1. Using 19 Å as the Cα-Cα cut-off, could you pick out the over-long pairs in 189/281; 345/412; 170/231?
2. Would you mind putting 516-524, 557-565 in packing order, based on average other-beta-carbon counts within 10 Å, highest first?
3. Subtracting the Cα-Cα distance from 0.36 nm times the residue separation, let me have the gained length for residue 559 to residue 414 in nm, one decimal.
4. For segment 288-344, report the % of Cα-Cα distances exceeding 12 Å.
5. Would you mind checking which residues have amide H under 5 Å from residue 347's amide H? H placed 1.01 Å from N; only 5 or more apart, or other chain.
6. Just the number: Rg to Rh for segment 530-583, Cα atoms, Kirkwood Rh, two decimals.
7. Of the accessible area of segment 468-587, with the probe set at 1.4 angstrom, what percent is carbon plus sulfur?
8. By the gyration tensor of its Cα atoms, with a ≥ b ≥ c the square roots of the eigenvalues, what is the shape of segment 199-259: rounded for a/c under 1.5, prolate for a/b over b/c, or oblate?
Amino acid sequence: MANEMTAAAPESVQCPVCFKDFKPSTINRHLDACLLNTVDGECPSTTDESEPPTKKSRIGDGAVSPSPGVNKPSTKSSPPPPSSSTPLTSVFSMFQGNKSKVSVQSEQSGVLTGKRRSSASVNHGVKSDLQDDSEQGPADNLKSQVTGSNAPTLKTSSSIPPRTLLSMNKPLAETLRPNSLEDYFGQSKVVGQETLLRSLLDSQEIPSLILWGPPGCGKTTLAHIIASTSKKKGTARFVSLSATSASVSDVREVIKQAQNELRLCKRKTILFIDEVHRFNKSQQDTFLPHVECGTIILIGATTENPSFQVNSALLSRCRVLVLERLSVEAMGSILDRAVASLGIKVQGQDTEDDDQSVEPGPKIFIEQKALDTIAHLCDGDARTGLNSLQLAVQAQLNSAQFNSSGDGDSQKILVKEEHIKEGLQRSHILYDKAGEEHYNCISALHKSMRGSHENASLYWLGRMLEGGEDPLYVARRLVRFASEDVGMADPAALPQAVSAFQACHFIGMPECEVILAQCVVYMARAPKSVDIYKAYANVKASLRNHKGPLPPVPLHLRNAPTRLMKQLGYAKGYKYNPAFSSPVEQEYLPEELQDVDFFTWTPSDP
């Protein structure tokens, strides 16, 4: 066997350091000496072939331990200088053919190599949208900023010059995402000083959460603040996924990593799922056993009502936090923070510091009225407000640079209210015709008409139509309202509603909006009566609550088309009403219900 290996071996092997040829039996000993003596510009001779050297780790703290088989080179103990050690180490690592030895040496090679290997093993098999921020080093954080990931450790306001924030490719809402609750505005009912969640966050006892609220209210930001706090204290590992792009295999990979993390490092894993309602019910079942046993702490963010979109079993294992749409005051605080971070001065304020700015480029000012306009028109959406501010400021900067005459540093730029309105175009209307807001608005319209408040009725109709609601859906609801709430108080209401439905079907939007408005006002002004609605509801209750078989139809009310039926007594004794000039005394209800008045009867009556 040895003879076969010798025959198959090459006659000579080239040294990757000095590029000289050596016999295979002497190449290892030569490399030990060559790596230590290349700094002197010489390659040691390797005439002694008696014994191969003992294998030593060649990558480590800079000092290479020589083998006993080398004479002169073994006396040199000083490590090579950094200029020569780096390329020699990389070349020698590539030369090794035994992968297991390379692995052992890489583990001893230092902090950077160890971190690279750890990152590669942790993220193996998981898509790029998985973000484990607690395992990332500085280089990984920089890479996350370049690729646009949702890393919660972005410290832009302190590490990036203010004017640079405007020229970044990221939206301003993502760049200025806060990392602490002190900069988190507008949700004091949820994370205020005296709230339960605030005390849990301070003690790092974080439960599984479902964050429910409209877009731009701070759901993702709150999750990133929790992640940032956990990373600083080292109590948990944070992983982020988006249900719009992740699959069940990604979730299972994260859960597998979480199990290893909990078993080996005694550290919990916080799994943040953005848009969790995009997972169907069977995909949500994947989380159940692992949330139950505490392998992961689940934080889900959704804009849809979790009662309808989240599995009830998962919902029972999580605490639902309802985040409200941001108020105008909260939006004002967020915009003030953004303006300060961008180095923009509010016109009429801090005028004494205007000439002391060291930021290169033109001085940027903004009207207070412009900030107030953003706060009012963004409809409580911080993302819309910040991005609108960024758009308006960038537009004015580009316009000033295009028209500048060379004295750009002394130029002043003023962002006015009309610039903000031009970027926003119109108020941002929150409405989802297939979600929670759809049912909220139609309920408000129905109750406003029932209360005869025509102005409120028109307002809710406008909210629905301007938000993109199907006009035929509204028309159908009006037909129902005409009988349910107006009823016999104004029998003409039902023909009005049916005519409105047909007219909307004929001409469509936007022409049919005035037809719906007319019908809505008619219903609001019409007298109301629910007698028909309540009486029929009592009939249904009577039928459903009846014990035993239902009573038969009285014989005199039955039709008798055949001789047999007449012989059996069908239609016997029936009084034909048109044949009498006065009211006819005759029973029309079964004997058990002869004294029942469904307009006044209630199910609790005996």
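1. On the way: 189/281 30 Å; 345/412 11 Å; 170/231 24 Å.
Beyond 19 Å: 189/281; 170/231.
2. On the way: 516-524: 21.2, 557-565: 11.7.
By packing density, highest mean first, the sequence is 516-524, 557-565.
3. Values: separation 145, 0.36 × 145 = 52.20 nm, distance 8.81 nm.
Stretched fully, the residue 559-residue 414 segment lengthens by 43.4 nm.
4. 75
5. Those lying under 5 Å, H to H, from residue 347 are 366, 367, 368.
6. Values: Rg = 16.3 Å, Rh = 14.2 Å.
We get a ratio of 1.15 for segment 530-583.
7. On the way: 4570 of 7850 Å².
The value for segment 468-587 is 58 percent carbon and sulfur by accessible area.
8. On the way: a/c = 2.17, a/b = 1.13, b/c = 1.91.
It comes out oblate by the Cα gyration axes.
The values are calculated or read from the model by the stated rules, or taken from the named source; none is laboratory data. Everything numeric here is computed off the predicted structure, so don't read it as measured data. So basically every Cβ, Gly included, is an ideal-geometry build from the backbone, and we count neighbours across all protein chains shown. Calculation scope for accessible area: heavy atoms of the full protein, side chains included, ligands and nucleic acids excluded. Shrake-Rupley method; radii C 1.70, N 1.55, O 1.52, S 1.80 Å.
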